[in-house]
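What follows is a single structure, written as structure tokens, with notes after it.
The values are calculated or read from the model by the stated rules, or taken from the named source; none is laboratory data. Just so it is clear, the structure is predicted and the values come from calculations on it, not from any experiment. No Cβ is skipped: glycine too gets one built from the backbone with ideal geometry, and neighbour counts run over all protein chains shown. Remember, those area values only see protein heavy atoms, side chains included, never the ligands or the DNA or RNA. Shrake-Rupley method; radii C 1.70, N 1.55, O 1.52, S 1.80 Å.
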Amino acid sequence: MNVLPPTTGTGPPACPPEVAEPSGGAGVARGGAVPGVVPSGRRPLLVRTAVALMSSTVASAALGFLFWVVAARWFPTEAVGRASGVVASMSLLAGLAQLNLTSLYARFLPGAGARTRRLVLVGYGASAAMSLALAVGFLALGLGSGLIGDRPVHRLVFVVAVLASAIFFIQDGVLAALRRPGLVPAKNIVASGAKLALLPLLPLLAGVVAGDGVLLAWVLPMLVTMLVTNWWILARLTPRVGTVPLPGRARHGMTSFASAEYVTGLVNNAVAFLPPVLVAHALGATASAYFYVPWTIGVAGTTLLWNVVISFVVAASSDGAEARVHVRRALVLVGLVVGAGAVTLGGAAGALLAPLGGQYAAHGADALRLIGLSLPFTGVILLYAAFAIMEKRMWRMVLVQSTAALLFLGGGWYGLPRLGIVAPAVALLLAQAATALVLLPGLRRRLRAVVAPQHRPAWAVLPETVAAPLGGST
């Protein structure tokens, strides 16, 4: 959850041989950038990308938090809980519909060359089709009853919201992969700020949109920002040259990688967006209001860590020759996020929730503390995921994360009637700890291998292209 001239930055990675520019060799990026060499006065690509993505996450989370603080002050708790249920349902479906394309784009767009625009459009089309199918199915099954109104306009707004949210999510990955990370915080801050600005209009919109108008206030800024950003991406950033069909082996390798990433995305998005929906259904709108903000803060912490992973993948895919440097920088950034997040959420949970009101802090602080304690384990899991993406060996990760997700969601659902809203947080901490312990030996082996001076990982080569054979996806 952006506009700069296309000539800013170090430029895209080296052109693949079949589309290389006449004035440069395969090892020199357009604009004169050389793999492994950072222009004087510029931060390394990994750091620039990570800082931009994390700034976007923090700013968006802060503005979103303020949105719910204002809503909690102006509206009854039940109304806030109903509105948060609508937004949580929309986010869940959009998260499933975005097909986890952010990871695929981070891995393959840096070397796509002439195929960049086609890959972006194909991804958009697939995500849009999935968004429509999921949103219509959700409404047809009556899963939004009690949250989404019965009038056609209510349902139309919900469907459009899911589709717009999915594309909006994907755009962050596209911009980062095209080495324009500075556009990500600009895009998200503009959208989040506009949502907050529309909040005073909610009483006027209460009779038009479900959730006292919150959904419309949430959707309109995002829709407009998404459309403007898409124009910029397609008209200014992506190469406007002819497309070249992918060779058969490349298509197979990318399809296998994308399939594994999609399953991983389904699991991760279910973990991120389903708990608030479960709380609303099991405990009611009031409990949902108390749980939603602590859970959103926890998701923001995980997103910060994921920002580092995506930045590492983009940098390593663009310049594999500097693998050891990229790994060290990623470890430092993950350590900073984990340390600051665990200390802040664990030690200041009550203070963080106090602006919403005493009841929010009293009921939600324990859940937020437990979520903070899970961040170190999440850091281990996502570092392992970064290596799995670079090695294109995703299916073992799928198995491990699917098992952990079943334990988490099953344990959280079982505990809700017994422990209340703290149950999902307890289940998350236990599931993340167990998963991290399983993956830690493999992560340690990979870290030792990369840091060893005499070792060169298989993926630590000059920027590859999507036309190269893509093996080893299992």
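Can you tell me the length gained on complete extension of the stretch Ala362 to Ala140, counting 0.36 nm per residue apart and subtracting the Cα distance?
Numbers: separation 222, 0.36 × 222 = 79.92 nm, distance 3.74 nm.
So the extension gain works out to 76.2 nm.
Carbon and sulfur atoms: what percent of the 1.4 Å accessible area of the stretch 54-101 do they account for?
Roughly 66 percent of what the probe reaches on the stretch 54-101 is carbon or sulfur.
For Ala449 and Arg328 in the same chain, what is the full-extension length gain: residue separation times 0.36 nm, less their Cα-Cα distance, in nm?
42.3 nm
First measure r as the distance between the Cβ atoms of Leu437 and Glu78, then evaluate 1/(1 + (r/R0)^6) with R0 = 30 Å and state the FRET efficiency to the nearest 0.05.
0.15
According to a simple spin-label model (label point 7 Å from Cα along Cα-to-Cβ), what is the distance in nm between Ala354 and Leu156?
With each label point 7 Å from Cα toward Cβ, the separation is 4.7 nm.
Which net charge results for the neighbourhood of Ala177, defined as the other residues with beta-carbon distances under 13 angstrom from its beta-carbon, given Lys and Arg at +1 and Asp and Glu at -1?
Within the 13 Å Cβ shell, the charges total +4.
Cα atoms only: what Rg and Dmax, in Å, come out for the stretch 258-301?
12.5, 39
If I ignore ligands, DNA and RNA and count only protein heavy atoms, how much of Leu419 is accessible to a 1.4 Å probe, in Å² to the nearest 10?
100
For the stretch 362-431, compute Rh as the Kirkwood radius over C-alpha pairs and then the Stokes-Einstein diffusion coefficient at 37 °C and 0.692 mPa s; write the answer in µm²/s, rounded to an integer.
D, rounded to a whole number, is 251 µm²/s.
In units of 2.2 N^0.38 Å, what is the alpha-carbon radius of gyration of the stretch 274-380?
Output field value: 1.30.
What ³J(HN,Hα) values, in whole Hz, does the Karplus curve 6.51 cos²θ - 1.76 cosθ + 1.60 give for the stretch 161-167 when θ = phi - 60°, with x put for Gly and Pro?
Per residue, the Karplus-derived 3J(HN,Hα) values read 4, 5, 4, 5, 5, 4, 5 Hz.
Hey, what's the stretch 92-148 come to in accessible area per residue, 1.4 Å probe, Å²?
With all protein chains present, the stretch 92-148 gives 32 Å² per residue.
Multiply the residue gap between Leu336 and Ala62 by 0.36 nm, knock off their C-alpha separation, and tell me the result in nm, one decimal place.
Between Leu336 and Ala62, full extension yields 96.7 nm more.
Any idea how far apart Arg396 and His281 come out in nm if each label point goes 7 Å out from Cα toward Cβ?
Once both label points are built, they end up 3.5 nm from each other.
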